[in-house]
Amino acid sequence: MDYEELITPKEARAILRVSNKTLWSWHKKGIIRAVRLPSGRLRYYKSDIEAIVRGKKRENLLEKLRNALVHEENVLIAYLYGSRARGDFQEESDVDVAVLVKDPPTPEENPFYETELSLRLSKAVGKDVEVRLLNDKPLIFLCQVLKHGKLIISKDEKTRVKFEASTLDRCFDFKPILDSYNRMRERRIEAWK
């Protein structure tokens, strides 16, 4: 049987830098779980405390990305996607950012646009950032970004709403085909085992 690791209130306070009152309030609201040991002592689930830390790190990351992207004139909309958006990242995980730009450069004009923007954002946030343009990506990628991603910045709400609505319409139209493909892929994987 697996047991989740428990930590003392003192350890939880040190990790989160909050008071006992705040910890207890979060427990009462269902944000973190606590158990009372047979000795009567209170313990918190370490995984819940770590989830709060990951959430705070993601919010700090979003703020840093927002501050950097506000100066990128060609970027209209940006999303955080991948493990950092889902919250299941490791400390060494890279940062995945998808951007919709006003004027996507052609490969002839600037074959390194994504790389150059990645480097600027990496410098701003202090982590490896991988940028992908939404303007020319396959529908399946767009669907995943909108389904699991977190909006970083929208400089043009009308464009964002239009982009999201049209993309989601196409995603819903494509869903039966994608479901069929996934079932077929799962059967092939099972056959290889």
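Taking region 101-114 only, how many residues are farther than 22 Å from Arg160 by Cα and surrounded by 12 or more Cβ atoms within 10 Å (Cβ to Cβ)?
Of the residues in that region, 1 qualify.
Of the conditions (1) touching a helix residue (DSSP H, G or I) at 6+ places or on another chain (Cβ under 6 Å); (2) assigned to a loop (DSSP other than H, G, I, E, B), Tyr79 fails just one. Which one is it?
Among (1) touching a helix residue (DSSP H, G or I) at 6+ places or on another chain (Cβ under 6 Å); (2) assigned to a loop (DSSP other than H, G, I, E, B), Tyr79 violates only (2).
Just wondering, is there one or more residues in region 55-75 that are over 27 Å from the mean Cα position of the chain (by Cα) and in the same structural domain as Lys158 (by TED's automatic domain parsing)?
no
Of everything in region 112-129 that's assigned to a helix (DSSP H, G or I) and touching a residue at least 60 places away in the same chain (Cβ under 8 Å), which residue is nearest to Glu91 (Cα to Cα)?
Only one residue fits best here, namely Val125.
So if I check each of Ser166, Ser180, which one is in a helix (DSSP H, G or I), assigned by TED's automatic domain parsing to the domain that holds Arg84 and loosely packed, with under 11 Cβ neighbours inside 10 Å?
Only one candidate passes the filter, namely Ser180.
If you go through region 76-88 one residue at a time, how many are under 28 Å from Ile32 (Cα atoms) and either not assigned by TED's automatic domain parsing to the domain that holds Tyr113 or not small (Gly, Ala, Ser) (or both)?
Residues that pass the stated criteria total 6.
Has region 101-111 got any residue that is closer than 12 Å to Leu65 by Cα, modelled with pLDDT of 95 or more and either part of a loop (DSSP other than H, G, I, E, B) or out of contact with any helix residue (DSSP H, G or I) (no Cβ under 7 Å at 6 or more places or on another chain) (or both)?
Among the residues of region 101-111, not one is closer than 12 Å to Leu65 by Cα, modelled with pLDDT of 95 or more and either part of a loop (DSSP other than H, G, I, E, B) or out of contact with any helix residue (DSSP H, G or I) (no Cβ under 7 Å at 6 or more places or on another chain) (or both), which makes the answer no.
Among the listed residues Leu69, Leu61, Leu80, Leu65, identify the single one that is within 26 Å of Leu117 (Cβ to Cβ), in contact (Cβ under 8 Å) with a residue 24 or more places away in the chain and touching an Asp or Glu at 6+ places or on another chain (Cβ under 9 Å).
Within the list Leu69, Leu61, Leu80, Leu65, the selection yields Leu80.
For Ala98, work out the one condition from (1) under 13 Å from Leu65 (Cβ atoms); (2) loosely packed, with under 12 Cβ neighbours inside 10 Å it doesn't fulfil.
Single failed check for Ala98: (2).
With respect to Arg132, is the statement that it is within 25 Å of Asn60 (Cα to Cα), not in a loop (DSSP other than H, G, I, E, B) and not hydroxyl-bearing (Ser, Thr, Tyr) true?
yes
Are any residues in region 20-31 out of contact with any strand residue (DSSP E or B) (no Cβ under 6 Å at 6 or more places or on another chain) and either surrounded by 11 or more Cβ atoms within 10 Å (Cβ to Cβ) or of a type in the set (Val, Ile, Thr) (or both), and if so, which ones?
Matches in region 20-31: Asn20, Thr22, Leu23, Trp24, Ser25, Trp26, Ile31.
What residue, among those in region 143-163 that are part of a helix (DSSP H, G or I) and under 19 Å from Gly87 (Cα atoms), is farthest from the chain's Cα centre (by Cα)?
Out of the qualifying residues, it is Cys143.
Please go through region 1-35 and give me each residue that is in a loop (DSSP other than H, G, I, E, B) and either in contact with a Cys (Cβ under 8 Å, 6 or more places away or on another chain) or of a type in the set (D, E, K, R) (or both), ordered by number.
Asp2, Glu4, Glu5, Arg17, Lys29, Arg33
Which ones in region 32-55 are farther than 18 Å from Asp88 by Cβ, touching a strand residue (DSSP E or B) at 6+ places or on another chain (Cβ under 8 Å) and not hydrophobic (A, V, I, L, M, F, W, C)?
Scanning region 32-55 gives Arg33, Arg36, Arg43, Tyr44.
The values are calculated or read from the model by the stated rules, or taken from the named source; none is laboratory data. As the structure is a computational prediction, the values presented were derived from the model and not from experiment. As a convention, Cβ positions derive from the backbone with ideal geometry for all residues, glycine included, and neighbour counts pool all protein chains shown.
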